[in-house]
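K.L.:
Got a structure for you, written out below as structure tokens; questions coming shortly.
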Amino acid sequence: MLYQPDRKMKKLAVFWVTGLLMFVMTGIASAGIYNDRATFNAQGIISFNSNFQDFPTGLTPLSPPFKRGDVTYIQLEGIAGKDSGYTKTEQLLGGQIISADIATAPKYNMFGFDMARIGGTTITITLYSDQHTYNFPSMWVSNADSGNLSFGGGTLLNGEYFTGFTIVADNTYNAVGITNVTLGHSPAPEPSTYALMLVGGLFVAFRLKKSVAGSAITA
């Protein structure tokens, strides 16, 4: 009777090799999501940051569209300034809806910002790229009255780049504020990284095949 190798080992090897081949050939859409600015910044080179400190304090009506670097704000309601009673730490660009376009040249694959809710509401963040739409609904973030901010950021791979974003306070009577809007470039993994991972997967398959051949016995 021929010895049968462990089915789980066979499935593991097939999964490993197949997954690596698919990874190398097609890549992944999103490289990472970060809630810590230092970790986010370490992913690449930061090209642009806007904290709106040049705007007047207080709730100041604005007339979009207006630009800050390569970000064009197309929908918002005003500014929640650091002296307006809405926040104790930062100058926030605020409104019930904040919507903006991100310039497609250069192609930014890093995008992040600090944020706070104004009132007791969750927020929904939608990020747009040239290939996908990423939706993050009903998120609780820091309350601006506390003086604290939450950070959110992401990086993209395989030539994918950000084209815009929308942030909405889920309660229409409340608002959300953002600041330190950041754009940058994260380098693509070196081809050698993919090659090493593929070699590792093939080595697993080779070892399994060798083990099966050496364990073939007859009853």
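K.L.:
Residue 46 label point, 7 Å along Cα→Cβ, cut-off 11 Å on backbone N: hits in region 117-153?
P.N.:
none
K.L.:
Hey, what did region 35-185 get for relative contact order, percent, Cα under 8 Å, at least 6 apart?
P.N.:
Across region 35-185, relative contact order equals 32 percent.
K.L.:
A follow-up question, please. Please get the size of the charge dipole for region 35-185, origin at its Cα centre, with Cβ charges of +1 on Lys and Arg and -1 on Asp and Glu, quoted in debye to the nearest 20.
P.N.:
100 debye
K.L.:
Related question: Tell me the label-point distance for the pair residue 139, residue 62, using the 7 Å Cα-to-Cβ offset, in nm and rounded to one decimal.
P.N.:
1.9 nm
K.L.:
Shifting gears a bit: Per-residue counts of other Cβ atoms within 10 Å, averaged by peptide: what ranking do you get for 153-160, 179-186, highest first?
P.N.:
The peptides rank, most packed first, as 179-186, 153-160.
K.L.:
Note down the relative contact order for region 95-174 as a percent, whole number, built from C-alpha pairs under 8 angstrom at least six residues apart.
P.N.:
Normalised by residue count, the contact order of region 95-174 is 49 percent.
Every read-out reported here was derived from the displayed coordinates using simple, explicitly stated rules and does not represent laboratory data. Keep in mind that what you see is a predicted model, and the values were worked out from it rather than measured. Reconstructed Cβ throughout: ideal geometry from the backbone, glycine too, with neighbour counts over all protein chains shown.
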